[in-house]
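Peer 1: Quick one: structure below, then a few questions.
Read-outs: derived from the displayed coordinates by stated rules, not from any lab. Since the structure is predicted, the reported quantities are computational estimates derived from the model, not experimental observations. Every residue, glycine among them, receives a Cβ derived from its backbone with ideal geometry; neighbour counts consider all protein chains shown.
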Ligand SMILES: C[S@@+](CC[C@H](N)C(=O)[O-])C[C@H]1O[C@@H](n2cnc3c(N)ncnc32)[C@H](O)[C@@H]1O
């Protein structure tokens, strides 16, 4: 068996990042784009001692679970990887993925509940970050054509998986409110009509870099944030006037200038052409001001479902002191504040802490305190002495999970209850294995925040062993 070899195999399960998994000569084989029930022909592209990775070439026998995806870009686009299977199957695969990690990495046998579904499996995102490029991503079919296929032009859409320089030129997208795609299409047509180029990462030329659209679930706010490479008042004023005429429902219009090489969709500076420069949305009874740079859960309706699982597991009592580690703009801290005597949020990003304080005051919450700092340094004895010993501790770290020093601090601190919210069940499982030295893992609830993708949020409830 060697790299480049063609193999045929049945797919029996799913693995990390939504890949189909089968077996070939006693080794697990991961095949992107394959789903359980398929029999596929694939080429080996990676060979390791215990597993192989193979590129899907042909579906010899299609799984009974396959459905026709809604979107023409499904399977190629980095956004959705599971549109080809019905939503109930996606939920089952996600639960299985969490269970595999919890058993194999976490060495834990706690029952994993069925995935909590999202009521709206399409058009659920409140934010889309589109990019522009003078080079478009070619499909497999185009790459393998005999004749030359030109990839130059103006591409407007999403990054091809794993590529910072190539953009899949989108003709449709079903993740955000349809107005979001219409806005993207408008900018693309405007650029083509007026011959204005997209930013070229290599040449450092061109004008258009990103278009970030934010919609509010509970209000009619609609934010357009156009990120350009340089300030050209002629283009900006004309495009702005035409967009406002075509889309009068835009409530705020921001121009961000990113004249740096970094590919982030925020600017070195920005100015507001219309409206307040932010939007407002609600989670539960709380109102949040969201500015273009702030993190906010991208599925507002499901964020409420997620927070309600956390609240159930936490079962906060009136005298409880609650810590919210990695608190972002304080959404979860404020959501839980009603039941607690005090809430303490800790977070690395300056703007997020500022937002959290503003949001607390806007909602009249006076017993929420927000501390800025890196968790591994800030979450220490001095802080605990200042704010009190936690009765309930919520932790919602980024994908990488918690730093080992934070785990050590948690084991020393011995809060009676920990609720761990995670967007990566493999790092969750790793951290649970360490915490199980002092904690029992009572419940594990996957919550689907991102239908059509392989991503899954998981909430775990831990109690201190006696
Ligand atoms: C998954 S988000 C959690 C957001 C929040 N719980 C919510 O529901 O909106 C993780 C947060 O951790 C913050 N973060 C990342 N690394 C950190 C660190 N080393 N110390 C403190 N906060 C950190 C990020 O800025 C981000 O706001």
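Peer 1: Would you mind ranking 372, 19 so that the residue whose beta carbon has the fewest other beta carbons within 10 Å leads the list?
Peer 2: With the fewest neighbours first, 372, 19 line up as 372, 19.
Peer 1: Just the number, please: percent antiparallel of the DSSP beta bridges in region 127-283, rounded to the nearest 5.
Peer 2: Of the beta bridges lying entirely in region 127-283, close to 75 percent run antiparallel.
Peer 1: Under Stokes-Einstein, with the Kirkwood radius over Cα pairs standing in for Rh, what whole-number D in µm²/s applies to region 301-383 at 20 °C and 1.002 mPa s? Don't skip to the end; give the middle numbers.
Peer 2: Details: Rh = 12.9 Å.
Here the translational diffusion coefficient equals 166 µm²/s.
Peer 1: Also, quick follow-up: Rg(Cα) of region 1-141 divided by 2.2 N^0.38 Å?
Peer 2: Relative to the rule-of-thumb radius for its length, region 1-141 sits at 1.16.
Peer 1: Kindly put 216, 422 in sequence by how many other C-beta atoms sit within 10 Å of each C-beta, fewest to most.
Peer 2: 216, 422
Peer 1: On the principal axes of its Cα set, how long, how wide and how thick is region 6-66? Give whole Å, largest value first.
Peer 2: 32, 22, 18
Peer 1: Order these by the 10 Å Cβ neighbour count, fewest first: 395, 252.
Peer 2: Numbers: 395 26, 252 20.
Ordered from fewest to most neighbouring Cβ atoms within 10 Å, 395, 252 come out as 252, 395.
Peer 1: Still on this structure: Would you mind calculating the relative contact order of the chain from Cα pairs under 8 angstrom and at least 6 residues apart, reporting the percent as a whole number?
Peer 2: 13
Peer 1: With the contact rule set at Cα under 8 Å and sequence spacing of 6 or more, what percent relative contact order holds for region 163-293?
Peer 2: Computed value for region 163-293: 19 percent relative contact order.
Peer 1: Based on Cα positions only, what radius of gyration and what Dmax would you give for region 263-304, in angstroms?
Peer 2: 12.5, 36
Peer 1: If you average 1/r over all unlike Cα pairs in region 184-320 and invert the result, what Kirkwood radius do you get in angstrom?
Peer 2: 16.9
Peer 1: Grab the alpha carbons of region 338-466, take their convex hull, and tell me the volume per residue in Å³.
Peer 2: In region 338-466, the Cα hull volume divided by residue count equals 130 Å³.
Peer 1: So, how do all the Cα-to-Cα distances of the chain break down into 20 Å bins, in percent, from 0 on up?
Peer 2: Over the chain, the share of Cα pairs per 20 Å bin runs 22, 51, 26, 1 percent.
Peer 1: Quick check on region 294-341: take the gyration tensor over C-alpha atoms, sort the square-rooted eigenvalues as a ≥ b ≥ c, and tell me if it's rounded (a/c under 1.5), prolate or oblate. Walk me through the intermediate numbers first.
Peer 2: Numbers: a/c = 2.62, a/b = 1.52, b/c = 1.72.
Taking the square roots of the gyration eigenvalues as a ≥ b ≥ c, region 294-341 is oblate.
Peer 1: Which order do the peptides 174-181, 88-95, 4-11 take when ranked by the mean count of other beta-carbon atoms within 10 Å per residue, highest first? Present the calculation step by step, with values, prior to reporting the outcome.
Peer 2: Values: 174-181: 19.1, 88-95: 21.0, 4-11: 15.9.
My ranking of the peptides, most packed first, is 88-95, 174-181, 4-11.
Peer 1: Output the antiparallel fraction of DSSP beta bridges having both residues in the chain, as a percent to the nearest 5.
Peer 2: 65
Peer 1: Rounded if a/c is under 1.5, else prolate if a/b is larger than b/c, else oblate: which is region 394-433, with a ≥ b ≥ c the root eigenvalues of its Cα gyration tensor? Don't jump to the answer; show the numbers that get you there.
Peer 2: Values: a/c = 1.98, a/b = 1.52, b/c = 1.30.
Prolate.
Peer 1: Taking every pair of alpha-carbon atoms in region 38-107, what share in percent sits in each 10 Å bin, from 0 to the bin with the longest distance?
Peer 2: Calculated P(r), rounded to whole percents: 16, 34, 41, 8, 0.
Peer 1: Could I ask something else about it? Which whole-number percent is the relative contact order of region 255-334 (Cα, under 8 Å, 6+ apart)? All intermediate terms of the calculation are to be shown ahead of the outcome.
Peer 2: Details: 63 pairs, mean separation 15.6, N = 80.
Taking the mean separation of contacting Cα pairs over the length of region 255-334, I get 19 percent.
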